[in-house]
1. May I ask you to verify whether TYR61 is at pLDDT below 90, open to solvent by less than 90 Å² (accessible area, probe 1.4 Å) and more than 27 Å from the chain's Cα centre (by Cα)?
2. Within segment 510-554, restricting attention to residues that are open to solvent by 10 Å² or more (accessible area, probe 1.4 Å) and of a type in the set (Ser, Thr, Tyr), which residue is nearest to PHE495 (Cα to Cα)?
3. Out of segment 15-73, which residues are at positive phi and charged (D, E, K, R)?
4. Here are VAL505, VAL521: which of them is modelled with pLDDT under 90, in a loop (DSSP other than H, G, I, E, B) and not small (Gly, Ala, Ser)?
5. Collect the residues in segment 344-370 that are free of Cβ contacts under 8 Å to residues at least 12 places away in the same chain and open to solvent by 30 Å² or more (accessible area, probe 1.4 Å), keeping them in residue-number order.
6. Which condition number does ILE380 fail, the rest of (1) farther than 21 Å from LEU35 by Cβ; (2) buried (at least 18 other Cβ atoms within 10 Å of the Cβ); (3) more than 22 Å from the chain's Cα centre (by Cα) being met?
7. Hey, among GLY87, GLY123, which residue is open to solvent by less than 40 Å² (accessible area, probe 1.4 Å), farther than 27 Å from LEU302 by Cβ and not aliphatic (A, V, I, L, M)?
8. If you scan segment 480-495, which residues turn out to be of a type outside the set (Phe, Trp, Tyr) and crowded, with 24+ Cβ neighbours inside 10 Å?
Amino acid sequence: MLFKAKTRQKAGVEGWLIRLLLICMLAVMTISILLPLGDLFVKAFHNQQEEWVGLAHFSKYLSTPALSRSAGHSIYVSLITTLISVGGAFFYAYGLMRARIPGVRWFRYIALLPLFAPTMMHGIALTYLFGNQGLVTTGLFGLLPGWNIQLYGSTGIIISEVIYTFPQAFLILMVSFSIADYRLYEAAETLGAGKWKQFLTITLPQMKYGLIGSLFVCFTLSFTDFGAPKVVGGQYNVLPTDIYKQVIGQQNMSMGAVIGILLTIPAIAAFFIDRFVERKQKTMVSVKSTPYQIKPNRLRDLAYTAYCTIIVSGIVVLLLTILFASLVKVWPYDLSVTLKHYDFSNVSAGGLTPFWNSLLVALLTAIFGTVIAFVHSYLIEKLRIWKAVRQIGYFISLLPLALPGLVIGLGYIFFFNRPDNPLHGLYGTIWIVVLANIIHFYSVSFVTATTSLKQLDKEYEIVSESMGAPVYRLFFRVAVPISLPALLEIAVYYFVNAMVTISAVVFLYSPDFKLASVSIVNMDDAGDVAAAAAMSSLIMLANIIVRLGYENLSRRLLKRTDAWQRRA
């Protein structure tokens, strides 16, 4: 009897500790997401003297031609980018999944390489190719006929954004192709339907949710990107560069908040559409589905091999151009190889310190972000208390998916820079940069962790409860080991994105703590383009090394897991 009383008391204490932890996690999400967003919203309706002005700032923005034109520019660039990127990615994914192409694995890897580079790098590469002294513009310095495409402006932004969004669309469409049910194609062939008829009546309907999702993801990414327009936009202003000019150039915080709200509208729409698409796509997956069987067709295989080779060649040329430019002494007059651009001591970067700072920020973001995302997802997914609170936590955790990085950074300025805020001490430190990165990329990490935990058999929890084992023991001995591949994936995702991002941190870094991505922008503004190319190359190299290390570690973990399962 005494033992039962102690057990119930222990369970009660543990239960309240779990409730306290859930409340703390919810409080952290509220402070780091909702309150800064609320301050941003309030700031848009006040003037510099903190007086209520209603919709005056919105009216001024929309009635000023130079400012309102930026909204039209953003919509135009995003629409053209989306059509090109999704269209190109659709046929690229189709070729890899529905044709016999040699070296498919390498085609997949190379298509994802732009994810490891900051978007400014794409613009810099285009400058070396199509700028006034570019390789293509000068026809390889006079050896061939030149071709001028008027890079600076909408054309340069669109090309850069296509490079940036193509891997995102490719990943989404690859998933859609992978869940196709081959039985439908067999039935169509039995009924005498030709290939074109099958494409229109089976392939496109099966791909509709993936296409919708990729369209809105690409539109949102290009609509909210700051890096590419800053490098190759010239005088062609878009909403992200307008925010930068209003906040940094004119110190007009209220107008910056207005543009931030306008920038969030398509992102919020894309968020709800993405949720809808994900639910619909899950219903298409059946345990009875059979994978697509690729039949021999030499002409089709040659055509898609050629098409995918052209895409891959374009990506490789851009990357090699950046590497070449970072090693050339004086472009285009002295093409001898040198490492002087990797010194950074004579440019605005001030040495390699920004790169080491970025590595530190990325590492801290990966560690703390992974822990926070996994613990929070475990509390929401696996606990059976306070359902309403857990649902609120789930919604808040998905909200950053709809927030552009510039909006997060601007909201953090308004919230953490207030003298009456107890957390004011974070402002201007490394920790506010780490926090901004964690929140910026939190939703994808949270969903990844939640998906992994959903695969955890509920029998573990039932056995644990029947044996009176505490929750933390189940968490550390079962949930963490089984979810280790997902945890590593989350950590790598955080690290890579923290290295390349510019929008979330451009307002938050301090003069004493510069980041590599911010230094690229500063060096490009100062005309040190070769040094900016060198810094971009270092960022990309670091991300590739981390990714390769992750791939190697994942294969080892998979082998150990298989061996353990065979022994079991």
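1. yes
2. Only one residue fits best here, namely TYR550.
3. Result: GLU50, single match.
4. Unique residue meeting the criteria: VAL505.
5. Correct list: SER345, ASN346, LEU352, TRP356.
6. Of (1) farther than 21 Å from LEU35 by Cβ; (2) buried (at least 18 other Cβ atoms within 10 Å of the Cβ); (3) more than 22 Å from the chain's Cα centre (by Cα), only one is false for ILE380: (1).
7. After applying the criteria, what remains is GLY123.
8. The answer is ILE490, and nothing else.
The values are calculated or read from the model by the stated rules, or taken from the named source; none is laboratory data. Given the structure is predicted, the values throughout are model-derived calculations rather than measurements. Reconstructed Cβ throughout: ideal geometry from the backbone, glycine too, with neighbour counts over all protein chains shown. Please note that ligands, DNA and RNA were not included when accessible areas were found on the heavy atoms of the full protein model with its side chains. Shrake-Rupley method; radii C 1.70, N 1.55, O 1.52, S 1.80 Å.
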